[in-house]
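I have placed the structure first, in the form of structure tokens, so that the comments after it can refer back to it.
The values are calculated or read from the model by the stated rules, or taken from the named source; none is laboratory data. What you see is a predicted model, and the numbers here were worked out from it, not measured in a lab. Here the Cβ positions follow ideal geometry from the backbone for every residue, glycine too, while neighbour counts run over all protein chains shown. Just so you know, the surface numbers come from the protein's heavy atoms only, side chains and all, with ligands and any DNA or RNA stripped out. Shrake-Rupley method; radii C 1.70, N 1.55, O 1.52, S 1.80 Å.
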Amino acid sequence: MDSTHSNASPLTLKDAPVENLRPLKVRVIGAGYSGIYLGIRIPQRLRNIDLKIYEKNEGIGGTWWENRYPGCACDIPSHSYQYSFEPNPTWSTFYAPAEEICNYLTSAAEKYNVLRFVKLRHRVTRCAWDDSAKKWKLEIENVKTGETLGDDCDVLVNARGGLNNISWPQIPGLESFQGEVMHSAAWNQIYDFKHKTVGIIGGGSSSIQIVPNLQKLEGIKLNCFVRSKAWISNPFGDNAMKALGLDPKTIEFSPEQIQAFQTDPESHLKFRQTIEREGNTVHALSLAKSDVQKHAVEAFTAMMRQRLDKKPEIADFLIPSFAVGCRRLTPGPGYLEALVEDNVNFINGKIAEIIPRGIKMEDGGEVELDVLVCATGFQTTTVPFPIIRRNEISLAARFTPYAESYLSMCIDGFPNYFMMLGPNSAIGTGSQTMILETEGDYIIKCIRKLQKEDYLSITPKLARVRDFQDYVGEYFKHTVYMDQCQSWYRSESRQGVRITGLWPGSTLHALETMRAPRWEDFELESREENKLRWLGNGWSVTQIDMGDPAWYLDPTIVDVPKEGEPEKSDVNRLRPFSY
């Protein structure tokens, strides 16, 4: 006799089918790529879910709604930067502009009716776990009225991404400048830059896109203040373009090419697969001292010197000594060519202060300006609003001195809390959107686990968080990301010894890791004394009011092995079987 059951209350059967579709409330923060994905997949795969997606902006699209500076575009191939199930054959260029990406996301959201779940202009300002109720309590600001609203949920998903909190340059006197001041993520779209003297602070991705677009304007004079070195790469996917008979120097798709993608889905799929294969097979670039890395240094050095030949002193400063990929690699079409134009000054001296009429350098020189553009990125290591767990511990405190996680999606002590594109979620090579989709799928499996098996909460074990952090630390020792550079990949304001931005491995490595949850890595708190009471009343919903009582014979369900050689199954030949 099992003594553990000697004091248990007598079991009464739960009067529900075994599928146990009990109601749950799920709240998602953010309606960008991640939030929209959840707004599609949650209603597709789950039932009885009360879903709301809170979005602070007037429209959906996340960073692609907010960033509207000239030249703002995806810096990886457009045909890779889309949902796997919603390919877009009409991208206008190899690197889609921000407005086009935002329109794509809006179109996908409308097609799959995501907007019914979205509350626009609602900013989440506080989240706290109520351990007695086993729910998250939310405070939300109605951005339009200023009113504070309350809400609660069983599961909270933070899908706001890391590119939200503007980072202004920490330079004395910024507030004293009397001309126009704008940040790349808060662009003044009505300002006329023609015949103006412009200062651009920063040498990262946004600056690399802004400079060639402003440089072409009539009568403009650009002063580019750049203190950091950067590798400028050949276009991502240029080998794929060559393999498909396209010219890598022409990033716009012709009407004929777009029409071919629209009318020949098989050709379009082949194009997408070629791009993905190239992205997934250059992972060795991230490994320190690899042959691929050595070749990249040689090729990019030669390319940068050739394009900067007119002003070789820029190449002398700009070409790094650190490895390719240590900082985010940017193709930057037209950037180097713009830097050598006569209306562009490249200034690598240190800024002393910003004065009312411009910028004062440490060497005493002054640069007069009409407008100052701060292309200084985002604060990627901060938690923008209080998220409070058990015992009043905040997520910000838990992320001190650096952000940790279990497989990038959740953290010990924060029950029923998940992150899309959380710590260690970005990728150096490969498809970021496939990481995003796989994280969403994983989170949905966790929600279904709670729902079906009558659990109140799910939380990763502290020991497994530590195990993952040990793995992260050891993995990155052998990569280019630990070279001597400042990067948002790193902790402690871009200079720390921990890599907190990137997944510790390739994209395909991440997809396999997240393929199926390891439930033994979690603490699961049950609603029931008998942990199998969810088995219900002996019935299935497919016998009552949902599904088909003969579902197992449907051709879409039946897994037919290959005759004579079941080991050569088409599906498992593409990817090994997993539980």
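Things worth noting here:
- Rounded to the nearest Hz, the phi-derived 3J(HN,Hα) couplings of segment 539-556 under the Karplus curve 6.51 cos²θ - 1.76 cosθ + 1.60 (θ = phi - 60°) are 10, 10, 4, 5, 9, 10, 9, 8, x, 10, x, 10, 4, 5, 9, 5, x, 6, where x marks glycine and proline.
- A Cβ-based charge dipole, computed about the Cα centre of the chain with Lys and Arg at +1 and Asp and Glu at -1, lands at about 660 debye.
- The portion of the accessible surface of segment 12-57 made up by carbon and sulfur, rounded to a whole percent, is 51 (1.4 Å probe; DNA, RNA and ligands excluded).
- Considering only beta bridges that DSSP places wholly inside the chain, some 50 percent are antiparallel.
- Per-residue ellipticity at 222 nm computed for the chain from its helices equals -8000 deg cm²/dmol, with DSSP H segments shorter than 4 residues left out and the rest contributing -39,500 (n - 2.57).
- Among Gly505, Gly204, Ser132 - extreme Cα towards positive end, dipole of the chain, charges at beta-carbon: Ser132
- Under-5 Å amide H pairs with Asn20, H placed in peptide plane, nonlocal only: none
- Using a cut-off of 23 Å between Cα atoms, the listed pairs Lys289/Lys477; Lys111/Lys135; Lys216/Lys310; Lys52/Lys449; Lys25/Lys144; Lys134/Lys452 include Lys111/Lys135; Lys25/Lys144 as exceeding that distance.
- For the pair segment 301-336 / segment 383-445, the C-alpha centres are spaced 34 Å from each other.
- Between the amide H of Gly62 and those of Ala31, Gly32, distances stay under 5 Å, these residues lying 5 or more places away or on another chain, with hydrogens modeled in the peptide plane.
- Relative contact order [Cα under 8 Å, 6+ residues apart], segment 228-351, whole percent: 38 percent
- Within the accessible area of segment 525-570 (1.4 Å probe), percent carbon and sulfur: 55 percent
- Taking amide H as placed 1.01 Å from N in the peptide plane, Glu141 has its amide H under 5 Å from the amide H of Arg123, Val124, Thr125, Leu149, each at least 5 places away in sequence or on another chain.
- Cα gyration tensor shape for segment 210-288, rounded if a/c is under 1.5, else prolate or oblate: oblate
- Surface share of carbon and sulfur [accessible, 1.4 angstrom probe, percent] for segment 241-364: 51 percent
- Entry comment: accessible area of the chain is 48 Å² per residue, from protein heavy atoms only and a probe of 1.4 Å.
- Within segment 331-356: backbone nitrogen closer than 19 Å to the Asp247 label point (7 Å, Cα to C-beta): 333-335, 337
- When you filter the GluC sites (Glu not before Pro) in segment 339-440 for DSSP loop state and at most 16 other Cβ atoms inside 10 Å of their Cβ, you are left with Glu341, Glu362.
- Sequence ranges 121-128, 316-323, ranked by mean other-Cβ count within 10 angstrom, highest first: 121-128, 316-323
- A straight Cα-to-Cα reach below 14 Å connects Lys562 with the aspartates and glutamates Asp570, residues fewer than 8 places away in its own chain not being considered.
- Positive contributions from Lys and Arg (+1) and negative ones from Asp and Glu (-1), summed over other residues with Cβ under 15 Å from the Cβ of Ala128, come out at +1.
- 15 Å beta-carbon shell around Lys14, net charge (K/R +1, D/E -1): -1
- Only one item in [x] 75, 67, 49; [y] 84, 69, 45; [z] 86, 60, 44 matches Cα extents along the principal axes in Å derived from the coordinates shown, and that item is [z].
- Of all DSSP bridge pairs formed entirely within segment 130-229, close to 60 percent run antiparallel.
- Note that segment 64-71 has calculated 3J(HN,Hα) couplings of 7, 7, 7, 8, 10, 5, x, x Hz, one per residue in order, obtained from phi through the Karplus relation 6.51 cos²θ - 1.76 cosθ + 1.60 (θ = phi - 60°); glycine and proline are x.
- Coil-residue trypsin sites (Lys or Arg not before Pro) of segment 274-348, DSSP, other Cβ within 10 Å capped at 10: Lys289
- Sites listed here are GluC sites (Glu not before Pro) in segment 19-106 whose DSSP assignment is loop and whose Cβ has at most 13 other Cβ atoms within 10 Å: Glu58.
- Across segment 324-340, coupling constants 3J(HN,Hα) worked out from phi with the 6.51/-1.76/1.60 Karplus curve, θ = phi - 60°, read 5, x, 4, 9, 4, 7, 10, x, x, x, x, 5, 5, 4, 5, 4, 9 Hz, and Gly and Pro carry x.
- Ranking by accessible area, most exposed first, for Lys56, Lys477 with a 1.4 Å probe: Lys477, Lys56
- Neighbour net charge for Ser569 - beta-carbon separation under 12 angstrom, K R +1, D E -1: -1
- Listed as lacking a disulfide-compatible partner in the chain: Cys72, Cys74, Cys102, Cys127, Cys153, Cys224, Cys374, Cys410, Cys446, by the criterion of no other cysteine Cβ under 4.7 Å.
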